[in-house]
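A short write-up of the structure that comes next.
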Amino acid sequence: MEPFTYNASAVRIVFGHGTRTALADEIARLGCSRPLLLSTPQQAAEAERLGAALGQHFAGLFAGAVMHTPVEVSEAAVAHAKAVDADCLVAVGGGSTIGLGKAVALRTDLPQIVVPTTYAGSEATSILGQTADGAKTTLRSPKVLPEVILYDVDLTLTLPPGLTAVSGMNAIAHAVEALYAADRNPVTSMMAEQAVRSLARALPVLTAEPLDTPARAEALYGAWLSGTCLNAVGMGLHHKLCHTLGGTFDLPHAETHTIILPHAVRYNAPAAPDAMARIAQALGAADAAGGLFDLAQRLGAPTALAALGLEESDLDRAAALAVAAPYPNPRPLSEPAIRALLGNAFRGIRPS
Ligand code: NAD
């Protein structure tokens with residue numbers, strides 16, 4: 001076996017059905033008693049229910065989380081945390097709410113318990129993306145890594161089918177890029193392969209039957225594995241392209257990941273044959289890129305950037321931005337080849 005380095009993070013994971021009833025114990029375990037709950041306006045009722053179940057150990061709810069973690073929202077949440085004298089944070093929701101919790105933790109050092117309800121995987125990372133004056137920047141800090149992740153499968157049953165599909169593909173993207181990361185190791189590769197297998201098995205079941213609890217559990221387990229890989233190793237071309245498209249052209253996060261992934265994988269395939277074989281096997285497909293495209297199509301997810309409102313005239317700029325800063329990727333970056341990749345993704349052409 002080749003020597004390797006693995007930076008494992010010390011996060012406590014509680015996984016199961018109905019685990020939200022353990023929230024009070026988890027708060028006490030941190031030595032805390034006044035949690036501020038965080039949610040989007042859409043999930044305020046769910047967060048309110050969780051808070052009410054905590055009884056007097058409930059400092060308040062800030063239900064103002066929105067996409068892209070704008071700093072003015074984070075600052076309002078910090079002010080709210082101080083006003084109610086909160087001693088910890090409980091974020092209930094997807095990547096947007098978890099991002100808000102991380103932004104508040106960065107500014108206050110309050111410990112975090114995260115209750116994820118999508119498959120984005122932010123709960124497992126020390127990465128925070130924030131927006132100020134319309135520009136999104138990303139930082140990495142141990143301060144933003146949550147202390148506890150409480151996965152309650154039951155809270156994912158309400159995730160709408162469309163979001164289930166694209167959020168699941170977003171998770172698969174973390175695992176796929178982990179399999180060919182320059183700093184990968186046998187542990188992350190094992191987790192990544194299992195993540196692709198679990199999600200590829202569960203997502204088609206959920207498209208047909210969103211309330212299938214074993215499939216929900218398998219998808220959430222895959223999402224955790226994927227998020228863990230996202231934190232542990234460096235991401236490549238796929239994540240760079242999605243970051244560029246999301247940040248510069250304001251495209252929706254999970255949908256963009258879903259559309260770009262098969263094309264980024266096709267681009268990298270000649271330079272990462274072992275990863276491709278593992279991805280294809282985990283998908284149960286003949287070929288990794290084609291298998292990912294077919295999976296997205298089977299889930300009824302979008303497969304063309306044109307459907308997200310991007311203009312074809314934006315593609316030259318997107319390709320130039322994607323190669324502007326050097327970053328590790330199995331296949332060297334060529335602007336004309338990336339422009340061709342984006343053209344295929346724009347039109348939704350199946351990679352062959
Ligand atoms: P989201 O958090 O924006 O959620 C989308 C909508 O779905 C929201 O209205 C939310 O309230 C609702 N929702 C979430 N779970 C639900 C459920 N179970 N039932 C009903 N409604 C539900 O979407 P997302 O894709 O999870 O997060 C995207 C954001 O996360 C992006 O800003 C992205 O940059 C960030 N992200 C960050 C990291 C990281 O490591 N920092 C990783 C992945 C994603």
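The values are calculated or read from the model by the stated rules, or taken from the named source; none is laboratory data. Small disclaimer: the values here were computed from a predicted structure and weren't measured. Reconstructed Cβ throughout: ideal geometry from the backbone, glycine too, with neighbour counts over all protein chains shown.
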Discussion item. Being assigned by TED's automatic domain parsing to the domain that holds ASP294 and not in a loop (DSSP other than H, G, I, E, B): is that true of ALA182 here?
Written reply: no
Worksheet item: Taking interchain pairs and intrachain pairs at least six residues apart, which have beta carbon atoms under 7 angstrom, with the first residue in the stretch 299-320 and at pLDDT below 95 and the second of a type in the set (Lys, Arg)?
Response: none
Worksheet entry | Odd one out for VAL148 among (1) among the hydrophobic types (A, V, I, L, M, F, W, C); (2) in contact with an Asp or Glu (Cβ under 7 Å, 6 or more places away or on another chain); (3) free of Cβ contacts under 8 Å to residues at least 60 places away in the same chain; (4) closer than 30 Å to LEU203 by Cα | (3)
Worksheet entry | Matching residues, the stretch 134-156, being away from the ligand (no atom under 11 Å from the Cβ), assigned to a strand (DSSP E or B), under 22 Å from ASP25 (Cα atoms) and not hydroxyl-bearing (Ser, Thr, Tyr) | VAL148, ILE149, LEU150
Item to complete: Considering (1) more than 10 Å from the ligand (Cβ to nearest atom); (2) at pLDDT below 95, say which one MET169 fails and leave the rest.
Response: (2)
Worksheet item: Among (1) out of contact with any helix residue (DSSP H, G or I) (no Cβ under 8 Å at 6 or more places or on another chain); (2) over 19 Å from ILE127 (Cα atoms); (3) within 11 Å of the ligand (Cβ to nearest atom); (4) not polar (S, T, N, Q), where does PRO210 come up short?
Response: (1)
Worksheet item: Taking the stretch 104-132 as the region of interest, how many residues are small (Gly, Ala, Ser), at negative phi and not in a strand (DSSP E or B)?
Response: 5
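Condition check ((1) of a type in the set (A, V, I, L, M); (2) farther than 22 Å from THR118 by Cα) across all residues:
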position	(1), (2)
GLU209	no, no
ALA215	yes, no
LEU220	yes, no
ALA223	yes, no
LEU237	yes, yes
HIS243	no, no
LEU251	yes, no
Worksheet item: Being more than 15 Å from the ligand (Cβ to nearest atom), under 20 Å from GLN194 (Cβ atoms) and crowded, with 20+ Cβ neighbours inside 10 Å, is that true of even one residue in the stretch 245-266?
Response: yes
Worksheet item: Does at least one position in the stretch 28-45 carry a residue that is modelled with pLDDT under 95 and either on the phi < 0 side of the Ramachandran plot or surrounded by 17 or more Cβ atoms within 10 Å (Cβ to Cβ) (or both)?
Response: no
